[in-house]
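Peer 1: One structure is given below, represented as C-alpha cells, and several questions about it will come after.
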Amino acid sequence: MTRTPAHRLACAAMVAVLAASGCARPPSTEMDDEILALLNGTYGPRTVGGRTYTAQPVEANLGPHRFMFPANLYYNQIGPFAGGGVMLAVFWPDFNAAPPGDHPVRSVEDGYRQVTIELRYVGSAGAADYLAQDLSERVALTPRWGLTPYAVDRSWVSRDTWEVAPDWYVVRDGEGRVRTFISCDPWEYMPDGVLIEGGKLVRSSGNRVAMCRHSMVDGENGVAVEMSYARVLLMDWRRLEASTRELKLRYTAH
C-alpha cells in the first residue's frame, strides 16, 4: 500500500494542531489534496495504469437489500463482480478501506493485513441453517478470546486425519444456536507464518501464511458474511464482526 511521505504527515499534523488552537488561517484552495484527505477522512480520485479509482458510492444488491458502498471499499476498488458478487476489503489494524488506486500497487505486507469480506443473500429461511455444523465428532476445549475451540476427537480418528483437520471455533447465542463459526489452519501443525511486530505484520517461519475463514449471518435480513484473513488476526474477531455490521448499516440505501 502506498505510504504518505513523512513531510506531508508532519504538515497535516501541524495544520491539525493550529486548527485546534484557533490560530490556523483558512485552508488554502491550493492545499495538497492528500493532506486534505488526511484531515477530512476523505479520498480524492487517483489514476493508476490508465484507470481512475474513486471513493464514490457504487450500488450493490443482495436480495431485496440495496447498499451504496464506496468504490474503494470493494475488493477490486471498482464495484461488485460480474454477476453481482459482492466482496469488500479492509485492512488491519483499523479495518478501514484502502485509499482509491491502492489495489494495483499493494505490497506483500498489505496482503498479510487484508481482510476480505464476502456478502451473500441467503434469505431469512436459509439464515437459520447457514451456520449449522456437525460438532458430534469434535471435543469442546477451554474458550480462547471468547471463542470455544472444537478439536477433532483423537480417541477414534486417525493421526493422518487430525493433522490436516482445521481448527474450529464457535460462538453461540443465548438460545444455544451457532452465531459465529470460524475455521482456521491447525495451530499444532502449521505456524502463523506472520508475526505482529512493531505495529506491522512481518513474515516469519513456515512456507505459507496460516489463514482463517470466518462465517456469520444476520438472521433478520438474511445476509451471510464470509471473511478471510491471516490466522494471527483471529484475536480481533470481535472487532471484525463489529466493523462489518457497522459497514452494512452505514451504507444501506434507504
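Peer 1: Which one is nearest to V232 (Cα to Cα) among residues in the range 189-201 that are among the aliphatic types (A, V, I, L, M) and touching a residue at least 40 places away in the same chain (Cβ under 8 Å)?
Peer 2: V194
Peer 1: Quick one: how many residues across the range 81-102 are small (G, A, S) and within 8 Å of the chain's Cα centre (by Cα)?
Peer 2: Applying the first criterion (small (G, A, S)) to the range 81-102 yields 82-85, 89, 97-98, 101.
Pick out the ones that are also within 8 Å of the chain's Cα centre (by Cα) and you get 89.
The number of residues fulfilling the criteria is 1.
Peer 1: Continuing with the same structure: Of all residues in the range 176-207 being under 22 Å from Q133 (Cα atoms) and of a type in the set (S, T, Y), which is least open to solvent (accessible area, probe 1.4 Å)?
Peer 2: So the residue we want is T180.
One line per residue, one yes/no per condition, for (1) at pLDDT 95 or above; (2) not in a strand (DSSP E or B):
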site	(1), (2)
T47	no, no
E59	yes, no
N72	yes, yes
G79	yes, yes
V90	yes, no
P99	yes, yes
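Peer 1: Sticking with this one: Could you grab me the full set of residues in the range 109-124 that are touching a residue at least 12 places away in the same chain (Cβ under 8 Å) and either out of contact with any helix residue (DSSP H, G or I) (no Cβ under 7 Å at 6 or more places or on another chain) or of a type outside the set (A, V, I, L, M) (or both)? Talk me through it step by step, then tell me what you get.
Peer 2: Let us first name the residues in the range 109-124 that are touching a residue at least 12 places away in the same chain (Cβ under 8 Å), namely 109-110, 112-124.
Answer for the range 109-124, where residues must be touching a residue at least 12 places away in the same chain (Cβ under 8 Å) and either out of contact with any helix residue (DSSP H, G or I) (no Cβ under 7 Å at 6 or more places or on another chain) or of a type outside the set (A, V, I, L, M) (or both): E109, D110, Y112, R113, Q114, T116, E118, L119, R120, Y121, G123, S124.
Peer 1: Based on what the data block shows, is D110 closer than 23 Å to S215 by Cα and of a type in the set (D, E)?
Peer 2: Yes.
Peer 1: What tally of residues in the range 202-241 results from selecting those that are in contact (Cβ under 8 Å) with a residue 60 or more places away in the chain, touching a Pro at 6+ places or on another chain (Cβ under 9 Å) and within 13 Å of E118 (Cβ to Cβ)?
Peer 2: Residues flagged as in contact (Cβ under 8 Å) with a residue 60 or more places away in the chain, touching a Pro at 6+ places or on another chain (Cβ under 9 Å) and within 13 Å of E118 (Cβ to Cβ) within the range 202-241 amount to 0.
Peer 1: May I ask you to verify whether A165 is touching a strand residue (DSSP E or B) at 6+ places or on another chain (Cβ under 9 Å), surrounded by 15 or more Cβ atoms within 10 Å (Cβ to Cβ) and without any contact (Cβ under 8 Å) to a residue 24 or more places away in the chain?
Peer 2: It is true that A165 is touching a strand residue (DSSP E or B) at 6+ places or on another chain (Cβ under 9 Å), surrounded by 15 or more Cβ atoms within 10 Å (Cβ to Cβ) and without any contact (Cβ under 8 Å) to a residue 24 or more places away in the chain.
Peer 1: Give the residues of the range 69-102 that are in contact (Cβ under 8 Å) with a residue 12 or more places away in the chain and open to solvent by 60 Å² or more (accessible area, probe 1.4 Å), sorted by residue number.
Peer 2: Answer for the range 69-102, where residues must be in contact (Cβ under 8 Å) with a residue 12 or more places away in the chain and open to solvent by 60 Å² or more (accessible area, probe 1.4 Å): Y75, I78.
Peer 1: If a residue must be at pLDDT below 90 and assigned to a strand (DSSP E or B), how many such residues does the range 183-209 contain?
Peer 2: 0
Peer 1: Taking the range 210-252 as the region of interest, how many residues are at pLDDT 95 or above and in a loop (DSSP other than H, G, I, E, B)?
Peer 2: Residues meeting the conditions: 2.
Peer 1: Looking only at the range 103-134, count how many residues are open to solvent by 40 Å² or more (accessible area, probe 1.4 Å), outside any helix (DSSP H, G or I) and closer than 16 Å to E226 by Cα.
Peer 2: 6
Peer 1: Related question: For V58, indicate whether it is closer than 20 Å to A253 by Cβ and without any contact (Cβ under 8 Å) to a residue 24 or more places away in the chain.
Peer 2: Here the answer is yes, as V58 does meet what is asked.
The values are calculated or read from the model by the stated rules, or taken from the named source; none is laboratory data. No experiment lies behind these values; they were computed from the predicted model shown. Here the Cβ is made from the backbone with ideal geometry for all residues, glycine too, and neighbour counts use every protein chain on show. Calculation scope for accessible area: heavy atoms of the full protein, side chains included, ligands and nucleic acids excluded. Shrake-Rupley method; radii C 1.70, N 1.55, O 1.52, S 1.80 Å.
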